[in-house]
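Student: My structure is below; once you've seen it, I'll send some questions.
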Amino acid sequence: MTFVKATWPRALRSQDWFGGTGKNAIMHRSWMKNQGLPADTFDGRPIIGICNTWSELTPCNAHLREIAERVKRGVYEAGGFPVEFPVFSCGESTLRPTAMMFRNLAAMDAEEAIRGNPIDGVVLLTGCDKTTPSLMMGAASVDIPAIVVSGGPMLNGKWRGQPVGSGTAVWQFSEMVKSGAMTLEEFMDAEQGMARSAGSCMTMGTASTMASMAEALGMTLPGNAAIPAVDARRRVIAQLSGRRIVEMVKDDLKPSDVLTREAFENAIRVNGAIGGSTNAVLHLLALAGRIGIKLDLDDWDRLGRDVPTIVNLQPSGRWLMEEFYDAGGLPAVMRAVGEMGLLHKDALAVTGEGIWDGVKDAPNWNEDVILPVEKALTQSGGIAVLKGNLAPKGAVLKPSAASPHLLVHRGRAVVFESIEDYHARINDEALDIDETCVMVLKYCGPKGYPGMAEVGNMGLPPKVLRKGVTDMVRISDARMSGTAYGTVILHTAPEAADGGPLAVVRDGDIIAVDVPARRLTLEISEAELEARLKAWVSPVLAGAGGYAGLYVDRVMQADTGADFDFLVGCRGSKVERDSH
Ligand code: FES
């Protein structure tokens with residue numbers, strides 16, 4: 001930790017707009033004053049942007065305007081001036097074709113809004129899956145002081161006295177309806193109790209994972225990730241974060257001071273400990289690219305291997321986010337990871353201290369929820385990165401969500417050429433498939449879908465489910481919801497639409513999966529594979545115009561985080577020209 005605080009007072013970047021007696025400064029100030037602002041608002045105090053992903057079409061973030069008011073209180077208390085502004089909000093549950101296709105658009109929006117406006121620091125209000133990485137990516141590319149405040153998870157879902165986890169229950173119940181273990185009426189009744197309050201998914205899905213990643217990276221105050229959205233303490237941490245960002249501006253503590261190689265290594269290890277979502281792989285790789293940190297898939301595999309999964313939350317385990325918060329939340333997990341010797345304790349956080357200072361005394365109040373290491377769900381959590389002729393640049397699998405007996409498996413491929421092909425044939429009793437087969441899905445990657453659909457955990461055929469079988473090996477270039485589970489190999493790179501070997505798998509080919517050896521093999525000869533790839537014809541990709549066209553043209557592959565090639569890197573906060 002080598003951070004040296006800047007001297008204070010000094011002129012801030014907002015004074016480039018508001019300082020002095022020139023025509024432009026008068027114009028900038030006078031228009032702002034139509035909101036009823038006293039003259040001393042522009043006396044050189046820190047001006048703090050509150051970058052808000054509020055939207056009623058992103059239900060997980062629909063309460064963020066109220067959270068923003070609490071942030072403002074804190075900013076005022078610390079002597080700053082808060083200004084709230086909206087950016088594109090990626091709602092996972094509603095946006096088509098996928099929220100992932102819009103992550104880069106939202107990141108671009110956040111970056112340009114932060115850079116182009118007269119703000120000295122920014123509070124990033126996030127919640128639903130893509131809103132957290134997109135805002136961190138945008139802020140990293142500008143690199144002015146930034147702090148993340150999450151909206152927090154919903155209260156636990158409930159149905160007939162039982163907990164119902166967001167997403168996870170939908171996958172479970174829909175398979176039960178298919179197998180006859182649950183009626184459709186019961187499923188629809190359960191729907192009423194799945195989302196009981198404001199907030200994001202309350203499983204350890206992608207939203208909770210990314211909130212945890214922000215905290216593990218040091219981009220939030222300690223404890224931010226798990227506080228329920230409607231808990232009074234969520235408002236408290238928002239207010240404290242408002243106070244803190246003002247001090248960060250005075251100290252000039254920027255994302256580049258926090259988002260170091262050590263911080264990413266901490267986050268990868270914490271992801272193993274929480275049994276976090278495979279989506280975190282994409283988002284952290286993309287974020288690292290924005291801030292100039294070299295990070296790759298092999299880092300994920302290497303750093304996660306020796307991390308036990310100690311958070312007993314759905315989809316890998318039993319409990320939900322309310323219990324996780326009550327048990328001590330992420331600080332208790334990070335303390336445990338640190339005590340295993342797996343944390344860079346000096347990595348700087350937005351607190352201005354080493355990350356360890358914020359967690360070293362964190363209690364664990366419930367060892368059924370945050371497990372002792374010897375009772376971990378798996379001793380090698382993290383993300384397994386498989387390579388081989390079927391995924392030369394890698395594919396990922398979450399061992400804690402997979403079936404142990406399928407981690408080494410050889411089976412006959414049953415190939416679906418698209419997600420539509422899958423839907424058309426999966427319920428067909430004549431489909432030649434049993435539980436030993438390997439289900440293969442193509443053209444659902446970044447370019448192919450476009451936007452990497454969360455369909456990799458495709459449901460099993462009814463005739464297999466009726467035997468009581470609940471898992472099969474599935475392989476695709478798609479993603480999987482963080483709330484999902486199963487022996488699901490995802491993100492194969494290059495994807496089918498980019499000419500990856502996945503494109504030429506055929507029905508009846510034998511595929512060998514060896515997770516301990518990290519191998520994924522299509523058992524055909526090199527010459528046969530080469531011949532098939534030579535004969536492969538690139539499909540006409542959907543979305544030839546508009547943003548979808550730009551996306552397909554410029555998105556990179558999953559192994560580097562699926563950012564746009566032209567957005568990699570930090571472009572800084574300088575804006576040389578002013579048209580006024
Ligand atoms: Fe928004 Fe899960 S759908 S957090």
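The values are calculated or read from the model by the stated rules, or taken from the named source; none is laboratory data. None of these values were measured; they are calculated from a predicted model. Cβ: placed from backbone, ideal geometry, glycine included. Neighbour counts: every protein chain shown.
Student: Can you find a residue in region 361-380 that is in contact (Cβ under 8 Å) with a residue 40 or more places away in the chain, among the polar types (S, T, N, Q), in contact with a Lys or Arg (Cβ under 9 Å, 6 or more places away or on another chain) and closer than 30 Å to Asp326 by Cβ?
Tutor: yes
Student: Could I ask something else about it? For region 36-46, does any single residue satisfy the condition of being at pLDDT 95 or above, within 16 Å of the ligand (Cβ to nearest atom) and in contact with a Leu (Cβ under 8 Å, 6 or more places away or on another chain)?
Tutor: No, because not a single residue in region 36-46 is at pLDDT 95 or above, within 16 Å of the ligand (Cβ to nearest atom) and in contact with a Leu (Cβ under 8 Å, 6 or more places away or on another chain).
Student: Here's something else I'd like to know. In the list Asn61, Asn24, which residue meets the criterion of being within 16 Å of the ligand (Cβ to nearest atom) and among the polar types (S, T, N, Q)?
Tutor: The unique qualifying residue is Asn61.
Student: What pairs can you find where one residue is in region 83-104 and β-branched (Val, Ile, Thr), the other is more than 9 Å from the ligand (Cβ to nearest atom), and their Cβ atoms are less than 6 Å apart, with a gap of 6+ or different chains?
Tutor: Val83/Gly49; Val87/Cys51; Val87/Asp109; Val87/Ala110; Val87/Ala113; Thr94/Leu57; Thr98/Gly451; Thr98/Ala453
Student: Tell me yes or no: at least one residue of region 161-169 is β-branched (Val, Ile, Thr) and either within 15 Å of the ligand (Cβ to nearest atom) or closer than 30 Å to Pro315 by Cα (or both).
Tutor: Yes, some residue in region 161-169 is β-branched (Val, Ile, Thr) and either within 15 Å of the ligand (Cβ to nearest atom) or closer than 30 Å to Pro315 by Cα (or both).
Student: Something else: Inspect region 175-183 for any residue being in contact with a Pro (Cβ under 6 Å, 6 or more places away or on another chain) and away from the ligand (no atom under 16 Å from the Cβ) and give the result as yes or no. Spell out how you get there, then give the answer.
Tutor: Filtering region 175-183 for residues in contact with a Pro (Cβ under 6 Å, 6 or more places away or on another chain) gives 178.
Checking which are away from the ligand (no atom under 16 Å from the Cβ) leaves us with 178.
Scanning region 175-183 turns up at least one residue that is in contact with a Pro (Cβ under 6 Å, 6 or more places away or on another chain) and away from the ligand (no atom under 16 Å from the Cβ).
Student: Name the single residue, out of those in region 38-52 being of a type in the set (A, V, I, L, M) and in contact with a strand residue (DSSP E or B) (Cβ under 8 Å, 6 or more places away or on another chain), that is farthest from Leu125 (Cα to Cα).
Tutor: Taking region 38-52 and keeping what is of a type in the set (A, V, I, L, M), we get 39, 47-48, 50.
Still in the list and also in contact with a strand residue (DSSP E or B) (Cβ under 8 Å, 6 or more places away or on another chain): 47-48, 50.
On the way: Ile47: 16, Ile48: 13, Ile50: 7 Å.
This residue is Ile47.
Student: From Ile227, Ile245, Ile268, Ile274, grab the single residue that is hydrophobic (A, V, I, L, M, F, W, C) and over 18 Å from the mean Cα position of the chain (by Cα).
Tutor: Criteria check complete, one pass: Ile245.
Student: Filter the helices (runs of 4 or more DSSP H) completely within region 243-326 down to those with at least 3 residues that are surrounded by fewer than 24 Cβ atoms within 10 Å (Cβ to Cβ) and not hydrophobic (A, V, I, L, M, F, W, C).
Tutor: So the answer is 261-274, 297-304.
Student: Let me ask you something else. Tell me, which residue of region 137-176 that is among the aromatic types (Phe, Trp, Tyr) and not in a strand (DSSP E or B) is farthest from Met108 (Cα to Cα)?
Tutor: By that ranking, first place goes to Phe173.
Student: Determine which member of the set Ala453, Ala493, Ala484 is touching a Lys or Arg at 6+ places or on another chain (Cβ under 8 Å), within 16 Å of the ligand (Cβ to nearest atom) and either of a type outside the set (S, T, N, Q) or over 17 Å from Val396 (Cα atoms) (or both).
Tutor: The unique qualifying residue is Ala453.
Student: Only one of (1) part of a strand (DSSP E or B); (2) surrounded by fewer than 22 Cβ atoms within 10 Å (Cβ to Cβ) fails for Asp471. Which number is that?
Tutor: If we test Asp471 against (1) part of a strand (DSSP E or B); (2) surrounded by fewer than 22 Cβ atoms within 10 Å (Cβ to Cβ), just (1) comes out false.
Student: In addition: Can you name the number of the only condition in (1) within 30 Å of Gly451 (Cα to Cα); (2) exposed (fewer than 13 other Cβ atoms within 10 Å of the Cβ) that Pro59 fails?
Tutor: All conditions pass for Pro59, except number (2).
Student: What is the number of the single condition among (1) in a helix (DSSP H, G or I); (2) buried (at least 23 other Cβ atoms within 10 Å of the Cβ) that Leu105 does not meet?
Tutor: Condition (2) is where Leu105 drops out.
Student: For region 188-225, name all the residues that are within 14 Å of the ligand (Cβ to nearest atom), buried (at least 24 other Cβ atoms within 10 Å of the Cβ) and in a loop (DSSP other than H, G, I, E, B).
Tutor: Hits for region 188-225 are Gly199, Cys201, Met202, Thr203, Met204, Gly205, Ala225.
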